[in-house]
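**Q** After the structure tokens below, expect a handful of questions from me.
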């Protein structure tokens with residue numbers, strides 16, 4: 001029975017990742033194919049070719065994103081985007097949603113932003129316990145002024161769903177910046193800590209925390 005169980009588990013470990021990957025890719029391709037609805041029905045690929053080819057929407061989505069970025073990067077485009085954002089800012093409920101989504105997108109996708117670019121190790125939820133976190137902001141204005149020390153805003157994700165979590169304001173001296181990449185940290189979080197990134201240990205690396213005295 002142990003041998004049978006081992007073989008079954010080995011089979012699951014082969015097929016489960018393939019199934020999840022297939023389902024996620026299928027969902028992404030189907031979502032991208034929705035962009036074909038922008039094309040008049042008589043000019044859509046399935047009408048011209050007589051057959052539906054999955055994935056053509058990806059090409060259209062890339063073209064639309066590229067052209068949008070090209071337009072937004074020039075003077076006329078910036079003026080149009082500015083007018084559009086001004087209009088969104090006048091609509092009560094839409095203003096809050098649009099502004100939050102825009103700020104989040106700028107933080108995540110902007111090359112100049114340091115948000116979600118660093119994986120941190122902090123003591124949370126209490127001293128002596130450690131949690132993975134992502135740096136979201138270092139310039140905290142009033143928060144930093146009132147604390148009287150240099151602090152960093154950290155996002156502590158929940159597991160296995162890293163899209164929810166907690167915002168923690170941590171003194172910079174109590175933070176350890178890890179060598180692992182953001183995607184590696186996400187794999188560790190989603191896998192409940194089973195998938196641990198490899199680390200080329202630096203013998204000089206030390207935790208800057210004042211750990212509790214175990215002798216007490």
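**Q** Just to verify a number: FRET efficiency for residue 96 and residue 68, C-beta to C-beta distance, R0 = 25 Å, to 0.05?
**A** 0.60
**Q** When the Cα centres of the range 112-151 and the range 35-88 are compared, how far apart do they sit, in Å?
**A** Cα centres, the range 112-151 to the range 35-88: 38 Å.
**Q** Calculated from DSSP H runs of 4 or more alone, at -39500 (n - 2.57) each and per residue, what is the 222 nm mean residue ellipticity of the chain, nearest 500?
**A** Calculated from helices alone, the mean residue ellipticity at 222 nm is -15500 deg cm²/dmol.
**Q** Simple spin-label model, 7 Å along Cα-to-Cβ: residue 130 to residue 24 in nm?
**A** Reported label-point gap for residue 130 and residue 24 is 2.6 nm.
**Q** Another question about this same structure. For residue 116 and residue 2, what does the FRET efficiency come to when R0 = 45 Å and r is the distance between their Cβ atoms, rounded to the nearest 0.05?
**A** 0.55
**Q** Would you indicate which of (1) 16.8; (2) 22.2; (3) 17.8 is the value of Kirkwood radius over Cα pairs in Å derived from the coordinates of this structure?
**A** Of the labelled values, this structure produces (2).
**Q** Follow-up question, since we're still on this one. Say R0 is 41 Å: what FRET efficiency, to the nearest 0.05, do residue 166 and residue 48 get from their beta-carbon distance?
**A** 0.20
Coordinate-derived values only; no laboratory data. Here the structure is a predicted model, which means the values were calculated and not measured. Glycine gets a Cβ as well: all are built from the backbone with ideal geometry, and neighbour counts include every protein chain shown.
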